[in-house]
1. Among the residues of segment 138-174, how many are assigned to a helix (DSSP H, G or I) and over 29 Å from residue 236 (Cα atoms)?
2. Which condition number in (1) crowded, with 16+ Cβ neighbours inside 10 Å; (2) of a type in the set (Gly, Ala, Ser); (3) in a helix (DSSP H, G or I) is the one that residue 223 fails?
3. Consider segment 236-282. How many of its residues are within 27 Å of residue 122 (Cα to Cα) and either crowded, with 16+ Cβ neighbours inside 10 Å or at pLDDT 90 or above (or both)?
4. Among the residues of segment 180-206, how many are more than 29 Å from the chain's Cα centre (by Cα) and not aliphatic (A, V, I, L, M)?
5. Mind listing whichever residues of segment 204-220 are in a strand (DSSP E or B) and modelled with pLDDT under 85?
6. Assess whether residue 177 counts as being farther than 19 Å from residue 244 by Cβ, within 34 Å of the chain's Cα centre (by Cα), of a type in the set (Asp, Glu) and part of a helix (DSSP H, G or I).
7. Can you give me the number of residues within segment 180-193 that are charged (D, E, K, R) and in a loop (DSSP other than H, G, I, E, B)?
Amino acid sequence: MTPRGAGLSLPVKLAAVAAVTQLALALAIVALARPSPGATVALLALLAVPIAIVYLLTRFVVGRLTVPVIDAYRRLAAGDFSAELPAATAGKDFLGLRVGFRAMADALARSLDEIRGADRERRRLFADLAHELATPTSTLLGLGAALKHGTGDRARMLELLERELARLERLTADLRDLAALDEPDLELERAPIELAPLVEAAVARAAVTGGPIATCRLTAVTATVDAMRLEQVLDNLLSNARRHAGDGAVEVTLAAADRDAVITVDDAGPGVADGELDLLGRRLARLDPSRSRTTGGHGLGLAIVRSIVARHGGTLAFARSPLGGLRVTVTVPRAPA
């Protein structure tokens, strides 16, 4: 059996106490209208009861509310993001406080996860960068020592020296690009541009340095892009495809989807294992160290592509190519008609 008054809300209980207090004060005023020694004693006794009730009830209510709130905040400050205000304690009158506390705890947990993830990525990046710098640095030191002592084929050593310096220069330039793309204030110089001529120009540049690249289908499509940055995307994708394909085929297509322009680059290289496709585009990702050494890649080219495409509001996807190697698909929003 539920005790009488147990179902009443806190405001109703407080209103009842206030009514009792007001009644006591009214009686006190009546007593003061007829002053006498007995009336004074009765007045003091009459006032003592509601004052004591109000004091005890206030202390109970404040303690009932603040103790679990303080405890929950202490747990939250200690890193316990499962802390909650007990439903029985908060009651329906303080449901908003309980819901708000839970939302705050969830937001703090997500923020902490993001900070920890960023810290792990930062440490991984530094470790990979140190690894990436170790090989050319060791090579340069060895070549310097050989040149100093006059041992070995001097012309060959100078050729290797030039190659390693170029590798370091490329790594430095790519890191500078990534740092610039990470800046939130970076503004792209976007304009409606026909993409087919950009693709054709990139294919021509890649053919000069790496070998022929086939353009299977170039649909006339206009997109609002930063032309220089999109050229950078195309150059990175085509040079990457040509390096890994060797003498194999590399094909480029340009198509128009409902709202996007779609650029696809296929190569006949060794490809990437299905389980490693998600790692592509990660900074300094090293899927196959032997392949990276053979092709001279350092894993930043696709990271730059991903950053540029994301800045345009587009997507970057990787899959197995019908040619046997890797298929890279880039989408960027089409220009309004």
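The values are calculated or read from the model by the stated rules, or taken from the named source; none is laboratory data. All of these numbers come straight from a predicted model, not from anything done at the bench. Because the Cβ atoms are built from the backbone with ideal geometry, glycine has one as well, and the counts that use them run over all protein chains shown.
1. Going through segment 138-174 one residue at a time, the tally reaches 11.
2. In the conditions (1) crowded, with 16+ Cβ neighbours inside 10 Å; (2) of a type in the set (Gly, Ala, Ser); (3) in a helix (DSSP H, G or I), residue 223 misses (3) alone.
3. Residues meeting the conditions: 8.
4. 5
5. If we filter segment 204-220 for residues that are in a strand (DSSP E or B), which is where we start, we get 214-218.
Answer for segment 204-220, where residues must be in a strand (DSSP E or B) and modelled with pLDDT under 85: 214, 215, 216, 217.
6. Spelling it out, residue 177 is indeed farther than 19 Å from residue 244 by Cβ, within 34 Å of the chain's Cα centre (by Cα), of a type in the set (Asp, Glu) and part of a helix (DSSP H, G or I).
7. Total satisfying the criteria: 4.
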